[in-house]
């Protein structure tokens, strides 16, 4: 078998592996909040995301791929040495895919775009030196670590705080929710339509002027609001209450445990009348500590509470659906872009600045994403939906809607953006709205560390695989 054929087989396998890793890690972002809030089961989320991601990837996924992903390195480096680019792109695909699989195993939500950018940057700088990279674009990638979560977190914090005061603190939460819902639906469809126009459907070449895009979005929002106004009237309050187990944050658990230890130590040394009083305090604190460890059964889900949350279930699922479709349309390029460049070079021997993506390659990427989501997607879903903070449909909606809004604003302003970092920021925002103690800081710290490691992990892996391939085939 010829060298070109072997390299093509390796590249196709690498592209599928990368698509699988995207499905295992990135796709979970769209559905994680819905699973965490109970709006969808894991099975329902997987089925829904699989359909929408594949539709986005196959129907409107990028049909023209950038040879050098995101313009991170200069393409002039490889003129006359096209096979070196093949080795590098295959190395980038495999390195990014391996890192994404590692992150998925531990449930860390990381950016697939940053993974492939770090991999391309690594072998590009190794091949052409520091001057080969566009450090301005590299800086924008690093900046997105802060810009994306901060912007989305601020929006979700503000939105959830507003909804809580407007609806839950009113004397008639259900009545207030029914009045507010049509307006919320209008804004949701307005923002999500703009998301599609500006980011999700860019490959359909919908070259609408900003004023035209606004008119289309307003029209869609008005129609959706009128429909929702009719539907929301059908929601009735049912007198059902449910007892659930309430878990306290790690901060509360540690604090009570330390207080108990200090009192136990003091009770052994106290003298006189205080001894009995302190013993009673110790017994009470031991009971409290036991309840905290086991979880306390509390009354949750009053009739009003459940009716309001049921309204937000539909809004949250709708937001998640849009995010999943937009993600499939855009991020499939992280797998098929480098693969398409390799295919063109191996078939023509020439370096094409913009290479057409064959339909079967888009299909391969779509299938890979679905398989990855179906097999390992639940791991990151659990982190996004349950481990960062406790989510309800209202909180999940605030996070999803804030993510879509951030995507629109950042795309229009030309700011760097990461879908992963954006949604994590949204979840952090709704958590902070209930106080710092509502967040699992250990999980948050691990996520931030994984973001920082992403680019160097991709770079080191790509360089290693590049040299390995060059040693074998060069």
- Selected residue (only one of 313, 344, 380, 282 is modelled with pLDDT of 85 or more, over 23 Å from residue 100 (Cα atoms) and part of a helix (DSSP H, G or I)): 313
- Query: If you go through segment 351-365 one residue at a time, do you hit one that is surrounded by fewer than 24 Cβ atoms within 10 Å (Cβ to Cβ), touching a residue at least 40 places away in the same chain (Cβ under 8 Å), within 20 Å of the chain's Cα centre (by Cα) and farther than 14 Å from residue 53 by Cα?
  - Reply: no
- Note on the structure: Within segment 430-442, the count of residues that are modelled with pLDDT of 90 or more and part of a helix (DSSP H, G or I) comes to 5
- Hits in segment 448-472 (condition: over 16 Å from residue 143 (Cα atoms) and touching a helix residue (DSSP H, G or I) at 6+ places or on another chain (Cβ under 6 Å)): 457, 458, 459, 461, 462, 463, 465, 466, 469, 470
- Query: Just wondering, is there one or more residues in segment 394-401 that are surrounded by fewer than 22 Cβ atoms within 10 Å (Cβ to Cβ), in the same structural domain as residue 85 (by TED's automatic domain parsing) and in contact (Cβ under 8 Å) with a residue 40 or more places away in the chain?
  - Reply: no
- Query: Quick one: what pairs do we get from segment 173-188, first residue without any contact (Cβ under 8 Å) to a residue 12 or more places away in the chain, second assigned to a helix (DSSP H, G or I) and surrounded by 19 or more Cβ atoms within 10 Å (Cβ to Cβ), C-beta under 8 Å, 6+ apart or different chains?
  - Reply: 176/167
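I'd like to verify a number: residues in segment 392-421 that are under 21 Å from residue 103 (Cβ atoms) and modelled with pLDDT of 90 or more, how many? Spell out how you get there, then give the answer.
Residues of segment 392-421 that are under 21 Å from residue 103 (Cβ atoms), as a first pass: 399, 403, 416-421.
With modelled with pLDDT of 90 or more added as a condition, the list becomes 399.
The total comes to 1.
So which of 329, 324 is closer than 30 Å to residue 167 by Cα and crowded, with 21+ Cβ neighbours inside 10 Å? Give the steps one after another, and end with the answer.
On the way: 329 fails: closer than 30 Å to residue 167 by Cα.
None of the others qualify; the one that does is 324.
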- Taking the options 131, 143, name whichever one is surrounded by fewer than 19 Cβ atoms within 10 Å (Cβ to Cβ) and either without any contact (Cβ under 8 Å) to a residue 40 or more places away in the chain or in contact with a strand residue (DSSP E or B) (Cβ under 7 Å, 6 or more places away or on another chain) (or both). 131
- Message: Restricting to segment 229-245, give me the number of residues that are at pLDDT below 75 and surrounded by 14 or more Cβ atoms within 10 Å (Cβ to Cβ).
- Response: 2
- Query: Restricting the first residue to segment 24-45 and requiring it to be touching a residue at least 24 places away in the same chain (Cβ under 8 Å) and not assigned by TED's automatic domain parsing to the domain that holds residue 313, which pairs with a second residue that is surrounded by fewer than 24 Cβ atoms within 10 Å (Cβ to Cβ) and part of a helix (DSSP H, G or I) meet a Cβ separation below 6 Å and a spacing of at least six or different chains?
  - Reply: none
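Matching residues to (1) under 25 Å from residue 317 (Cα atoms); (2) assigned to a helix (DSSP H, G or I):
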| position | (1), (2) |
| --- | --- |
| 394 | yes, yes |
| 417 | yes, no |
| 420 | yes, yes |
| 428 | yes, yes |
| 444 | yes, yes |
| 448 | no, yes |
| 460 | no, yes |
- Identify, please: which residue in segment 246-261 is assigned to a helix (DSSP H, G or I) and modelled with pLDDT under 80 and is, among those, surrounded by the fewest Cβ atoms within 10 Å (Cβ to Cβ)? 254
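The values are calculated or read from the model by the stated rules, or taken from the named source; none is laboratory data. Worth saying up front: this structure is predicted, and the values here are computed from it rather than measured. Glycine also receives a Cβ, built like all others from the backbone with ideal geometry; neighbour counts cover every protein chain displayed.
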